[in-house]
Amino acid sequence: MHDDQSGRVSAPAKKRFIDYPRNNASGLRRWVPSWKLTCALGVGFVGVVLGGGAVAYAVVEVPGPSPASQAQSNVYYWADGTPMVSTGGELDRQIIPIGEIPEAMQNAVVSAENKSFYTDSGVDPEGIARSLVGLAQGGLAQGGLAQGGETQGGETRGGSTITEQYVRMARSGDQDPSLSQRAKEVLISAKLGSTTPKTDILAGYLNTSYFGRGAYGIEAAARAYYGVGARQLNPSQCAFLASLLKGPTLYDPAGNMTLDPAATPAANTARAKSRWKWILDQMAADGPLSAAKRATYTRFPMPDPPSKQSQLSGQIGYLVELANANFLSGNTRGVTADDLSKGGYEIHTTFDKKKVGQLEQAVKDVRAKHIDPKKRPDTDTYVQFGGASVEPGTGRIVAVYGGEDPTRHPTDNADQTGVQVGSAFEPFVLAAGMEHGVRDPKGGETQPDAKRTRVTPDTSGYSATNRLKIRNYDGSVWTDGNGKEWLQTNDSDENVPQPVTLRKAMQDSLNSPFVQLGMDVGIPTVRQEAEDAGLLASSLARSDVPSFSIGDSDPSALRMAGAYGTFGAHGQQRDPYSVEKVVKGGQAVYQHKDKPNGAMPARVADGVTDVLKTVVKSGTGTNAQVKGVEVAGKTGTVDGSKAAWFVGYTPQLSTAVDMYRLDDNAQAGGRRFLAMYGTGGQAETRGAPIPSELFKNYMTAALHGTQG
């Protein structure tokens, strides 16, 4: 107690827990907190923040990758391993494991973006402070990051660590630039950085980031800029690709003035070169790149010009469809068409880029030389070509010609089109006669091979008379259900009165001997021989009429090339295939397995080859001769001149090409094959002059440098 001015004694002030306003002070000092109060409040505030942060850290859940960050395409590769096309799925992205990302790419990104990546907690306090200041000043554009991870001006914004950038791109699920969202991202980054291996975070970052040119992730970027897979990138290329993470609009040397007037090719190239050099220097300073190795990278690795690789134009569309069909029909892991449409698969094909181009060019050349719809509208309209090239000893499909363009002509002419094969079928009749023999006229309808008489190429006695009356194996005249006889004609009604050998009949494409041989052997036996050689049963005519032996079936060019390849492989048959392996997520989900079948004895296959060499040397196939290479092959013409074929092979390649006129727009009766009398200025299709020329041009180019 004490006396106040009035002389009264006042009671002592009641002590408060928080002395504010200050009880023992007056005036301005009464409202200034004491140092004790200030310290207490500071400690309390820090405690609340830390406690709240700890609680928030404990309860926050690290979300899985967003669906958008996992969207992928399928990538198709040529036989040499170079990318062919990226298609399917929502985005051009191929997620690959960290083991397939070059260490140089990993090092380039860490040196350029986040040197402390392997040791930090996943967050950068200084970066957070900068972001908060930017938020306060309205530095981030409304709406967050632009598509592809870029904002206006072309440079990426957001968290400064790789972990924070990855969280923002793929884990936060929200591009809202608000303070609360930024805080959430920091917490997720911190927790992700402490619970997830750094290599997993780096792989996620490099598989998610946008590199420009529509490419998401390092694998797509490697293809888009250098036409290779990520595995093939060198450190110099990696340094350039890492520079794109600062903003591809401003660092792609191709420029992009549509998005930014400042993104001229010259300005972008200068920026890219400067940052590329800086990243290499940083890699050398940080240690991953030796000074000696750094000194070798003096020339800027100028990327390829932007391409339209994703468009399925030219032959690419046909190749992709063929590869898809091969994989889906042959995989044993239950991958469906729906699975494939979601993307993420690497399809390694058998297609030889050079040979595909050579076959396409051969078609273009003969079309330009011979086909002129304006000059000959009645004969040269609706002309189509198809072709396929297969390796006899493996079954690998190296090239196909499916049509002028799948966007305008979706039907693959290398596949089954309905066009008959004509006299190109006759080698299968000869093979059946050589392997199984002709039936004894007195031995009954079905006879074992031991009771039959095998023919040889030099078997004589078969009549080549035009309008030959065809007989059953027992000598009786063959008649149809109406009692009508079959009178077989030769091409151009050629009449050869004296009997000929089977070699001579094949050489000059005389139909009558092979029609009669087919009846003697038995149509079911001939059909089985063709199937054994590789033709699909579904493509073979089911009736046992005499015309079966001269090709009233409609196998595809692809299967004809494969079946003739059986002759070239000494009787070992392999189904044509177009996919070597399929990989997803670094794991093989499909691998082709060689499955040779002994279709016929080697003596039979080699005997047929010997005869077919005669056809090219001195018969109807002389137009298909390839200089310096011994070719075996056969022309094919169809009754009514509805189609013309040439199928031939060497030990290296078996190729089938066909030509026909098909009116897909016919109003009455749907699709309609038209006669080719006069097409291309040719009076007739005998000897298949245009297909044999096409075959010669292609094989000359494709076999260049090989020995026949």
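For region 417-427, backbone phi angles converted through the Karplus equation (6.51, -1.76, 1.60; θ = phi - 60°) give residue-by-residue couplings of 10, x, 7, 6, 8, x, 6, 5, 7, 4, x Hz, Gly and Pro being listed as x.
Per residue, region 552-603 exposes an accessible area of 40 Å² to a 1.4 Å probe, with every protein chain left in place. Of the peptides 327-333, 424-430, the ranking by mean beta-carbon count within 10 Å, highest at the top, reads 424-430, 327-333. For region 566-629, count all C-alpha to C-alpha pairs, find those more than 18 Å apart, and express that count as a whole percent of the total. For region 566-629, the share of Cα pairs beyond 18 Å comes to 59 percent. Electrostatic tally near Phe327: other residues with Cβ closer than 12 Å to its Cβ, Lys and Arg +1, Asp and Glu -1, net -1.
Ratio of Rg to Rh for region 365-412: 1.11 [Cα atoms; Kirkwood radius as inverse mean 1/r over pairs].
Taking Cβ atoms as reference points and 15 Å as the exclusive limit, the residues near Ala291 contribute a net charge of +1, counting Lys and Arg as +1 and Asp and Glu as -1. Taking each of Lys442/Lys613; Lys353/Lys584; Lys451/Lys595; Lys369/Lys595; Lys273/Lys581; Lys369/Lys504 in turn, the alpha-carbon distance tops 30 angstrom for Lys442/Lys613; Lys451/Lys595; Lys369/Lys595; Lys273/Lys581; Lys369/Lys504. Distances longer than 18 Å among the Cα atoms of region 257-351: what percent of all pairs is that? Tail fraction, whole percent: 68.
3J(HN,Hα) along region 682-687, derived from phi through the Karplus expression 6.51 cos²θ - 1.76 cosθ + 1.60 where θ = phi - 60°, amounts to 8, 5, 8, 9, 4, x Hz, with x in place of Gly and Pro.
Using the Karplus relation 6.51 cos²θ - 1.76 cosθ + 1.60 with θ = phi - 60°, the per-residue 3J(HN,Hα) values for region 377-386 come to x, 7, 10, 10, 7, 6, 6, 10, 10, x Hz, with x marking Gly and Pro.
Computed on the Cα atoms alone, the convex hull of region 573-708 gives a volume of 196 cubic angstrom per residue.
Please work out whether region 512-607 counts as rounded, prolate or oblate from its C-alpha gyration tensor, where a ≥ b ≥ c are the square roots of the eigenvalues and a/c under 1.5 means rounded, while otherwise a/b larger than b/c means prolate and anything else oblate? Prolate shape, in that a/c is at least 1.5 and a/b is the bigger ratio. Which translational diffusion coefficient, to the nearest whole µm²/s, is obtained for region 187-280 from the Stokes-Einstein equation, given a Kirkwood hydrodynamic radius over C-alpha pairs, 25 °C and 0.890 mPa s? This corresponds to a translational diffusion coefficient of 173 µm²/s. The Cα trace of region 495-541 gives Rg and Dmax of 12.7, 38 Å, the first to one decimal, the second as a whole number.
When the chymotrypsin sites (Phe, Trp or Tyr not before Pro) in region 224-308 are filtered for DSSP coil states and for at most 11 other beta-carbon atoms within 10 Å of their beta-carbon, no site remains. The convex hull drawn around the Cα atoms of region 319-397, when projected onto a plane and averaged over every direction, covers 8.0 nm².
For region 369-502, the Kirkwood hydrodynamic radius from C-alpha pairs, put into Stokes-Einstein at 37 °C and a viscosity of 0.692 mPa s, yields a diffusion coefficient of 169 µm² per second. Report, in cubic angstrom per residue, the convex hull volume of the C-alpha atoms of region 471-512. Spread over its residues, the Cα hull of region 471-512 gives 98 Å³ apiece.
Count Lys and Arg as plus one, Asp and Glu as minus one, and take only other residues whose Cβ is under 11 Å from that of Gly443; the net charge is then +1. Where a ≥ b ≥ c are the square roots of the eigenvalues of the C-alpha gyration tensor, would you call region 444-497 rounded, which needs a/c under 1.5, or, failing that, prolate if a/b is larger than b/c, or oblate? In terms of gyration-tensor shape, oblate.
Eigenvalues of the alpha-carbon gyration tensor of region 538-585, scaled by 5 and square-rooted, set the equivalent ellipsoid semi-axes at 30, 15, 8 angstrom, largest first. The alpha-carbon atoms of region 262-418, seen along their principal axes, cover 72, 48, 35 angstrom, with the largest extent given first.
The values are calculated or read from the model by the stated rules, or taken from the named source; none is laboratory data. This is a predicted model, so every value here is computed, not measured. Cβ sites come from the backbone with ideal geometry, for glycine too, and all protein chains shown count toward neighbours. With ligands, DNA and RNA removed, areas are computed over all heavy atoms of the protein, side chains included. Shrake-Rupley method; radii C 1.70, N 1.55, O 1.52, S 1.80 Å.
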